[in-house]
Every structure is written in structure tokens, then in C-alpha cells.
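Working notes for the structure below.
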There are 4 protein chains.
Amino acid sequence: MTEQRYTLLLSCPDRVGIVAAVSGFVAQHNGIIVEASYHTDQETRQFFMRQELRADSLPFGAARLRERFLEVAERFQMVWRVTDSAVRKRVVLLVSRQGHCLDDLLHRWRSGELEVDIPCVISNHEDLRGFVEWHGIPFHCVETNDKGAAFARISRLFDEAAGDVMVLARFMQIVPPDMCERYAGRIINIHHGFLPSFAGARPYHQAYRRGVKLIGATCHYVTNELDEGPIIEQDTVRIDHGDTVEDMVRYGRDIEKAVLARGLRYHVEDRVLVCGIKTIVFR
Amino acid sequence: MTEQRYTLLLSCPDRVGIVAAVSGFVAQHNGIIVEASYHTDQETRQFFMRQELRADSLPFGAARLRERFLEVAERFQMVWRVTDSAVRKRVVLLVSRQGHCLDDLLHRWRSGELEVDIPCVISNHEDLRGFVEWHGIPFHCVETNDKGAAFARISRLFDEAAGDVMVLARFMQIVPPDMCERYAGRIINIHHGFLPSFAGARPYHQAYRRGVKLIGATCHYVTNELDEGPIIEQDTVRIDHGDTVEDMVRYGRDIEKAVLARGLRYHVEDRVLVCGIKTIVFR
Amino acid sequence: MTEQRYTLLLSCPDRVGIVAAVSGFVAQHNGIIVEASYHTDQETRQFFMRQELRADSLPFGAARLRERFLEVAERFQMVWRVTDSAVRKRVVLLVSRQGHCLDDLLHRWRSGELEVDIPCVISNHEDLRGFVEWHGIPFHCVETNDKGAAFARISRLFDEAAGDVMVLARFMQIVPPDMCERYAGRIINIHHGFLPSFAGARPYHQAYRRGVKLIGATCHYVTNELDEGPIIEQDTVRIDHGDTVEDMVRYGRDIEKAVLARGLRYHVEDRVLVCGIKTIVFR
Amino acid sequence: MTEQRYTLLLSCPDRVGIVAAVSGFVAQHNGIIVEASYHTDQETRQFFMRQELRADSLPFGAARLRERFLEVAERFQMVWRVTDSAVRKRVVLLVSRQGHCLDDLLHRWRSGELEVDIPCVISNHEDLRGFVEWHGIPFHCVETNDKGAAFARISRLFDEAAGDVMVLARFMQIVPPDMCERYAGRIINIHHGFLPSFAGARPYHQAYRRGVKLIGATCHYVTNELDEGPIIEQDTVRIDHGDTVEDMVRYGRDIEKAVLARGLRYHVEDRVLVCGIKTIVFR
């Protein structure tokens, strides 16, 4: 278990003195900075910053830190938040029949690598119930014949679970627009293609027909535009003419797992800031 | 310098006994096989084969090898050819103002790594004349104000140079359809994007705006369909939010060089067979 | 499930006519070759070959295939074997406390990707019993205070399970020389370092102290020489100065899983031939 | 050409308030921070920092910036320097017969990608004179029969050229200890192996014999201990059993070029700080 930390995430119009003001504030309270990253978007001139502080270096807790920081934040018109590593994010996993991403995330969770709570797993199939329940995690099967009812129930389950983020870990259903809006920046998908190539259905078949020499996977936030949301993480793997679609599916599973695990980790550690259709990932 | 080799390349409808017939033929003449590769395309049931033989193991030369092989080739309705490593391919390079791919290929050529002849370099700008001529290679500058005349002249220069393959080493002009058809399978382009994403102009700008986390380059045969020809080789490189378009252009140059050099090498060593809009690359 | 296949693996002194003889034999029985690969080792002039045949294309089964092939094999003094994809390999997994490789392999097995039987899992700790037994796989905990007795028991368990291959999936004990010899070519280890760098204990600590910019993992056959056995597969991942040993351990787990899964797959599909301290992997 | 920038590089014992003091100093003079990076070494508790400032945002030049910063530097016992992007580093290249790294660096230089001055190239062979002189760069051939005299002359040439950094771009001679000490942190080598594996001579032959599945290259500072200096950058490329030593040499050239170019760029942009036998590279 890592030591307790507070993470300050902010963005504001770029100008002189932001870093000085923030680090001056931290120094004034003897705060120890463990990690710090900045970025200024060239097009919008928006400034983005992330600072991770050792909780035990400050003379107060997260609530008081937020109160005290308010003055700095207002001076620079910041959009900001402070998170506390002691408050674990609540991650709800959605899955269909293919269990590779689910298996990968659950192993990371039970080995202590992924420091989150998993209040429940939701699926449109029964296949993975036994495996999930062995972990002591509630498993909800939601029939998707009536899409409206299904997604209403999924929202309800997510809200009842006090979920912070919903992860579509190979959940083969399209999330309706109203739900995308309601949970903007809180639904993460793994697409089994190297976006923007091969969006939509059966990307490995598309890649096979096109004869590409690398295939990929993309972890992104879900928005109204199918497979067009801000990309958090991607990767590719080499294939050749001898590989069938089945081989590509098999290689693909390995990059899907890796890319989703990295993308989710960045999100959970508050390393991702959305800037239009792009993300800033402070690794 | 490698020992002299004959390379047999063939394709035919798949059936039992092709490998046995070909390797029986080779063994009957005491031929030593240095490399052998096969592939059967699942959709068309077409069989593809490449065999590299040590020239000194055979009791005859390339001409006689072709004569003798004819019987086997006809029995299986093969499309085939035999090439001789002692006959160097003649590679004509086309380039605009950016010299990184040209520089890379010329170094591989003058260091003996790329065993080809380069009868001339053609450009629509004068910028790289001095560098090319230092190598003792003729440099032709072809004005492209009148596209028709320009490409007519390029064809003529290529034919006069007895070119085997034309390499668009960052040549920023679209080759007209009739020329694509005339030299089908003999024009190789390097596209500075990971096709099929970001086809057309300014792929790095497109990639920057989309916020992808990897950029790529694609080496492909040129066809009538812009950036849609059979892909020979591709690669990607990781970028992040801090990289500007200029940074992407810089990283991109390195993968463009590498991908074009590999793709051209495969072509020159007769390792590439075209199958519809895909390639088989026997590495 | 893939169609049934016979795999012919052989090696013999290199000479003219081997491929012709083998493919002639196959063609004579109307066998359909699905994959074929050859290699001649430059130093020993030993020839290596692998052919995968569709079982249903032959007029007889594996036993008769072996009988009939004997004549060809003897003519060329081959060391050879024929395996049958319908006869699943029996893989015994050995593990200590870290479960990431075990979890990864068990998921591949239960999803049908890894087509083997797992008769049992052996560990020197109780930690992973529940997870293994949930899969319906027997779990044996072997105390290692008395090394001699422990490895005697492990051998016995492996023999009773009729194991084909023993996989040290992060098993933190050194296998004694006599056992290495007895099961030569049948014990596969995953080393959490990029061999030959950082052999022995705590490779990530060694890598951290040396300040390397990439770390790796190595899948190899176990021999008497610690971490010196023939390498089957390796991979690396980029790190930087900001990564602690703990971060390296975390990245390392992901490449260990991937490298072991690939290496084991090659072994199980009879793609690996040992040639001195090197391997030939016909991918 | 990029806008003019000042880069502040510093290290000091870690304590609260360093970032605040430095960024407060910058803000007080209305300095615009373009990039900022920090790192604390866990073992030595030494703090490292790099800040890149827009020169035109400050009311004074580099000399005055150094004067003014002195007070902050002394307060925290900093080892520090300020560099000015308008003052180009002077890079002396040393090369033997193989020209791939030289060619690569010269192309980056003449295309404007590598913003340095190259006052001369030194070699122990005449082979590359013509190519270097075509660039208008003086070429000095230094016979190495008498090592002492040769390295004395190389030092003298370097000093006369007012060199900032010496790059061994495949220079196949061992630099003597006194020269390593005299130019500590100013001599960069590219080793054609993945250190610490395969140090010393003929690393590709070593790799071939060991049967590794990836080969690599390493860019490092030269110290008294052969191939043991702080590593700046490394990379690997996949090979297989079919690759000969010659193939490995060929693949190797491509990673040597890439790794040296990246390593040199980091050095030239003042992104590298040495910490014992490790480097901190603020990319």
C-alpha cells in the first residue's frame, strides 16, 4: 500500500504565476510534492496541472486543504478538484461474454495492484457469474432485449453502487446518448481497434480485409459519437499475412487487456484531464 | 556481398502436391534451398510460394532454370517468375523537398546494404540536387506546374533509365491514374500516417487534432485509389499530449525512413506478392 | 476448436533432397500441408523442419503415419517425432506466492485459448489454493524446508499426473540438477529479467541500480546452469528515472505474463526445437 | 527554428519549498515556463529540476538571469546552470569506418533538426573524408598506432574546436582513463549491444551465440569503466533463429542510429542529469 496522498488537479486560462502561486501555497503549509506535471494546450491556451502531495506533510486533511486552496483557485479562475488516495474509487465493470479484460482487472484488484473498490459487475449474459461471485463481488445480469429498460436498470445499479466510473470491459452494447451525457468523463471503453481506423463493429475483420500490418486497441471515454470519445491510451501489435482473423482476435485480447488496464489506472490515479476531444495524461 | 541466388516466386490455385513438385524439381537438379516460404490465402484458396536457391548448387543458369521449370509451372497453372540476385534491380527515387528518406536510402546504397542500382533521382524541386550529384547519380528536376507534361516526362525518364521500381520517397504529388496502371506493382510510396487512418493531406495535423496516442507510417504500392494500395509495411511510435505537430513530424521522419527502407528491401528481394488489396510478405 | 492436425518435427544433417523427400512423402498420401518451416543452423550444418498436416487429408492416423514415415527418417538419419493435436499436452504449473502468471495461464486455459490439460498445480505456499481449486484443478502444497524431499515429491506428483511439461510460473525455488537432467527440455521457466543481463536473484533491483532504460523478461528451458538455458522468448518494456523498483515490478508482471504465455504456446504447439544453448522457434 | 529559451538545470538536497522558491523567482520576473520537470532520487534524497523559460518573457538576458538566480541557488545549496538556446552546442563527432551514425547525425544537422554546430569530425580512417568535407566540415584523420599520441591529438583538436561534447559515433577505439576524467559527462558513446549484456567487443557475435530473441543498443556517457558509464538511452529490436550475425548487424545499425540520435538530442537540450551511475532524463 502506498502512503496517503492528496492529488490536486486543475485547469485555467494560461498566464504568468500559476505554478508559483500553487507551489507557494503548498510550500507555505510545508507540503511535500511527490509528483508534479503541467501542460498548456497550444490551441486553447488552457493550462493544466497535477500535483501529488504527501498527506502527512500537511498540517490538515483533504477537507481543509480544499477550503484553503479556494482563494488560489478563484484568483486564477480554476476548474479544480482535490482527491484523497485513502478514498478508493468505486469501479463498476460491465462485460458481455468475453472475460479476458474482466479476468485481468479482477486479478490486478485482488493482488492489490489496482487500488479500487469493485461494488458490482453487470453483464448482459450469465456466463461470467461464477467467476465474479467467487471473488465475493455481486453480479447483476441485465437482459438487453428492451434497450431502454436495460440501460435504465444499469444506471440505477451504478447509482446504487455509488459508482465513480463505469468500465466497459468488452461490453458489446452501445450506450445510449442520454447515459453518455449523464456520466460524461466517467464511462471508459476498450475498443478492439486502433481508432480512428476500424471504428464500429468487427474491427479485426475490417483490419484483416484491409491487410494492415499492425492491429491495435484503444481505451477512451464514451461519448455520444460512437468510438469518437477522447482517447486515453492505445497500443499496437505486429501481425502478418499468415495471421487469420482468429489469430488477430487472440493477439488483440492481449493488447486490449494491457491498454484497458493502463487507461483505467491513469483514470483512477487522477492522471487524465479531458481537453475537447483529446486527453492530457500526466503519467 | 551475398552469394548469388535465384529466387522462384509463384502463385497458383491451391491443391495437393505443389510443394512436393517444386522441391522435387529442385532436388532432382541438386539445388540447395536457402529459404522457403508458402502461404495459402483463406478467401481465394490461392497458394503462394517463394524459394531462394544457391545459384552455384544448380548445373545451369537462370535462363535454363526458367526453361526447365516451365513444365512444373504449367502443370499447376502457376503465375511465376525467377529472379537472379546478380541482376540488380534499378530503383528510381522521386523526392520533393524533404530529404530524410532520400538520405537514408542513399546511405544504405552507398554502404552496400541496399544492393540495387540507382540510375537517377527525380524531383519537383532543386533543393536536393547537390547531395544527389555528390553521389554521382543524375538528378532531374521536373517542374509540376503542368501535371500532364510533368508526369509524361517522369515516365519517360523512368523508362529511359530502364527502371524496375519507382520509389516515392516523400514525393508530394499525386501520381495520375494512367501512370498507376501502367506501372502497377512497381510504384512504392511512403505515407506519413498509419493507414487507413489519416489518408490524404497533412496526416500529422489530423492525428494531432484527433488526439491519438501513437502515430505511424505506411509503405504501400500506389494504385488509382489514393492511399488505398496494398500495404507492404507499417509501424507506429508513441506520442503524448505534450508533443506538438512539429514533434510528431520529427518522430514521424524516423518511422518513415525505417518503414520505407524495410518495405523497399522486401520488394527488392522479391519477398512481396500482391493478393487483391493485400500483400504477402515472406520475411 | 481448430481442426485436427499432425505435426512432424525433425532434424538431421543438412543435405540436398530433404524437403523433396518429406513433401514427396506427404503428397504421395494426399496430405495437405497447413504450415511448413525449415532452418539450417550455420555452425553445425544441422537441418530443422516442422510441417503441420491436416489429419483428415491423410488416409491413416498418427500411428500409421509414424510407421510409414520411418523409411524417410532413416534414410536421412533424422531425429524426429509426430504429434497429434487431438492429444492434449499435460501441463503442470508450479507457483509460489505471486499469482499473475498463474492467473493469466488459467484464464487462457478456461477460455479455450490454451488447448492443454492442467492435471494439477504445485506450490510451496497455500496462498493460491482457493483460486486453483475453484477451477476444479487439484492443488498440491509442497513444503520446501527439506529441498531434497520437496523436489522428490514434486517429481512424483508430476509423474503421477503424467505431465508433459512443467511450467515454473514464478516458482521461486531453484530446481536441482538431477531433476533438470531428468526432464531436459520439459521444464519452462519465466525469468523476470532480460537475460543474460540480471540473472539470479532480484533482477529488478539489479536493473534499478544499473539505471537501464528498458527492463525485460525471458522464457527459457531450465538446465543445470541457473538462468542459462535455451531462450524461447523475451520482451522488454521502457522505464525511466521516475520509476521505482515497485513500478518496475508492476510493469514486469505484464511482460512476464505475456512472454511466458507466448513461450508456452510455442512449446505446446511443437514450434520449439533446441539446438545447443539456442532454440529454433517456428512461429 | 524554435523561439529562444533559457534552460535552468539544478540539483540540491531535497527539502520543502524548492519548487516554490524557483517558480516564485520566475514569476516575480514575469517569466513564462515552457516546460518543467522534477525528480527526487529515492536513495540519495537529492532533488533534480529542469525549467525551460521563454527568453522574451524575461526583462533581462542569460547573464543577468544567472546573477539574479544566485541568491536562490545559494539558499538551497544548488549545483546549477543556465543555458541559452541561442548559444549552440559544439559537437565533435568521432567515427571509424562505419558511417551509419555519422550519416544520420549529419542529415539531422543539415536539415535543421539537430540545432548544433559541428566544428569538425575526427576519424582514425580516411574512408569518410569525402562525405564529411562535402558538408563543409573539417575532417581530421588521426592515426592510432601510437594511442598516447593519438588521444593527445584528439584532445587538442577538441579543445581547439571549443567542443562542448564529443560523440563516439561508432569510433572503435577505447578512450584512455585520463581523457574520460578530463571530459567527464562530455563524451557520449553508442554501444552496439543492450548493456549490461554483451559489453566489450563484438556484441552481436555474443548475442548470436547466446541465442537471445532481442538485440539492442545503448547510448551512454563514457567513464573509466568500459561500457559501464551512465546510460542515457537504449532500445531493442526483435530477431529470430533465422537471423545471421550479418542480419543482426544490419538491424543493429538502425537502432544504433535511433538511440544515438535520441541520446544526443537529450544531452544537447540539457535534459540529462547524471546521478551516480544513473541518469535522469527529463524528456
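Only the coordinates and a few stated rules stand behind these numbers; no lab work does. No experiment lies behind these values; they were computed from the predicted model shown. Cβ sites come from the backbone with ideal geometry, for glycine too, and all protein chains shown count toward neighbours.
On average, how many beta carbons from a partner chain sit within 10 Å of the beta carbon of a residue in B:198-210? Mind dumping the intermediate values first?
Details: counts 2, 0, 0, 0, 0, 0, 0, 0, 1, 1, 3, 4, 7.
Partner-chain Cβ atoms within 10 Å, mean over residues of B:198-210: 1.
Given the DSSP H assignment, sum -39500 (n - 2.57) over each helix run of at least 4 residues in chain A and divide by its residue total; what's the result at 222 nm in deg cm²/dmol, nearest 500?
On the way: 8 runs with 94 residues, N = 283.
Estimated from H runs of four or more residues: -10500 deg cm²/dmol.
Mind checking the log10 I(q)/I(0) for segment B:5-84 at q = 0.15 Å⁻¹? Debye, one equal scatterer per Cα, no solvent, two decimals.
-0.47
About the Cα centre of the protein assembly as shown, what is the dipole size in debye to 20, counting +1 per Lys and Arg Cβ and -1 per Asp and Glu Cβ, all else neutral? Working shown, then result.
Working: 144 positive and 156 negative charges, 0 e Å.
For the protein assembly as shown, the charge dipole is close to 0 debye.
Got the relative contact order for chain B handy, in percent, Cα pairs under 8 Å and 6 or more residues apart? Present the calculation step by step, with values, prior to reporting the outcome.
Values: 493 pairs, mean separation 40.7, N = 283.
Computed over chain B, the figure is 14 percent.
Starting from the Cα gyration tensor of segment D:106-177, take the square roots of the eigenvalues, sort them a ≥ b ≥ c, and report rounded, prolate or oblate (rounded when a/c is under 1.5, otherwise prolate if a/b is larger than b/c, else oblate).
Working: a/c = 2.01, a/b = 1.57, b/c = 1.28.
Prolate shape, in that a/c is at least 1.5 and a/b is the bigger ratio.
Please state the relative contact order of segment C:82-147 as a whole percent: Cα pairs under 8 Å, 6+ residues apart?
Rounded, it is 32 percent for segment C:82-147.
Assuming 0.36 nm per residue, please report the length gained on full extension of the stretch C:Asp117 to C:Ala152 beyond their Cα-Cα distance. Provide the component values of the computation, followed by the final result.
Details: separation 35, 0.36 × 35 = 12.60 nm, distance 2.27 nm.
Net length gain for the segment: 10.3 nm.
With a/c under 1.5 counting as rounded, go ahead and sort segment B:156-283 into rounded, prolate or oblate using the C-alpha gyration tensor (a ≥ b ≥ c being the square roots of the eigenvalues; past the cut-off, prolate if a/b is larger than b/c, else oblate).
Numbers: a/c = 2.04, a/b = 1.74, b/c = 1.17.
Here segment B:156-283 falls in the prolate category.
State which entries of C:Lys89/C:Lys278; C:Lys213/D:Lys147; A:Lys257/A:Lys278; D:Lys89/D:Lys278; A:Lys257/C:Lys278 exceed 25 angstrom in Cα-Cα distance in the structure shown. Spell out each step's value before the answer.
Working: C:Lys89/C:Lys278 23 Å; C:Lys213/D:Lys147 33 Å; A:Lys257/A:Lys278 22 Å; D:Lys89/D:Lys278 23 Å; A:Lys257/C:Lys278 31 Å.
Pairs exceeding 25 Å: C:Lys213/D:Lys147; A:Lys257/C:Lys278.
Under the 0.36 nm per residue contour assumption, what length would be gained going from the current alpha-carbon distance of B:Arg45 and B:Phe60 to full extension? Let's see the in-between values first.
Numbers: separation 15, 0.36 × 15 = 5.40 nm, distance 3.33 nm.
Stretched out fully, the B:Arg45 to B:Phe60 stretch lengthens by 2.1 nm.
Taking springs between alpha-carbon atoms closer than 10 angstrom, which of D:Trp80, D:Trp109, D:Trp134 fluctuates most in the Gaussian network model of chain D?
Sorting by GNM fluctuation, first place goes to D:Trp134.
To check you understand DSSP bridge types, tell me what percent of the beta bridges within the protein assembly as shown (both residues inside) are antiparallel, rounded to 5.
Details: 148 of 204 bridges.
In the protein assembly as shown, approximately 75 percent of DSSP beta bridges are antiparallel ones.
If one computes the Cα centroid of segment B:178-198 and of segment D:54-76, what distance in Å separates the two points?
53 Å
Nearest 0.05, what FRET efficiency do B:Arg182 and B:Ile277 give at R0 = 25 Å with Cβ-Cβ as r?
With a Förster radius of 25 Å, E is 0.85.
Describe numerically, in nm with one decimal, the distance between label points set 7 Å from Cα along Cα→Cβ at B:Ala86 and at C:Ala86.
The answer from the label model is 5.2 nm.
For a quick check: sort B:Asp41, B:Asp178 by the number of other beta carbons within 10 angstrom, fewest at the front.
On the way: B:Asp41 17, B:Asp178 13.
Ordered by Cβ neighbours within 10 Å, fewest first: B:Asp178, B:Asp41.
How big is Rg to Rh over segment C:1-136, alpha-carbon atoms, Rh as the Kirkwood inverse-mean-distance radius? If you can, show how the numbers build up before the last one.
Details: Rg = 19.5 Å, Rh = 17.5 Å.
With Rg and the Kirkwood Rh in hand, the quotient comes to 1.11.
Ranking B:Thr144, B:Thr244 by Cβ neighbours within 10 Å, fewest first, what do you get?
Values: B:Thr144 17, B:Thr244 12.
The most exposed by this proxy come first: B:Thr244, B:Thr144.
For chain B, give the magnitude of the charge dipole about the Cα centre (Cβ charges: +1 Lys/Arg, -1 Asp/Glu; no others), in debye to the nearest 20.
Numbers: 36 positive and 39 negative charges, 61 e Å.
Its charge dipole is roughly 300 debye.
Per the Kirkwood treatment, what hydrodynamic radius in Å, one decimal, follows for chain B from the mean inverse distance over all distinct Cα pairs? Write down the numbers at each step before the final one.
Numbers: mean 1/r = 0.0490 Å⁻¹.
Taking every pair of different Cα atoms in chain B, averaging 1/r and inverting gives 20.4 Å.
Percent of Cα-Cα pairs per 20 Å bin, from 0 to the last occupied bin, for the protein assembly as shown, please list those.
11, 38, 39, 12, 1
By counting other Cβ atoms within 10 Å of each Cβ, how are D:Tyr266, B:Tyr38 ranked from fewest to most?
Working: D:Tyr266 19, B:Tyr38 22.
Listed from fewest to most nearby Cβ atoms, that is D:Tyr266, B:Tyr38.
What FRET efficiency comes out for A:Asp127 versus C:Glu71 if R0 is 60 angstrom and r is the Cβ-Cβ distance? Round to the nearest 0.05.
Numbers: r = 50 Å, r/R0 = 0.84.
Given R0 = 60 Å and the Cβ-Cβ separation, E is 0.75.
Treat each spin label as a single point 7 Å out from the Cα along the C-beta direction, and report the B:Arg210 to C:Ala199 distance in nm.
4.7 nm
Mean Kyte-Doolittle of at least -1.0 and a Cα length of 30 Å or more along the axis: which whole DSSP H helices of chain A meet both?
On the way: long enough: A:245-268 (33 Å, -0.34).
Span-like helices in chain A: A:245-268.
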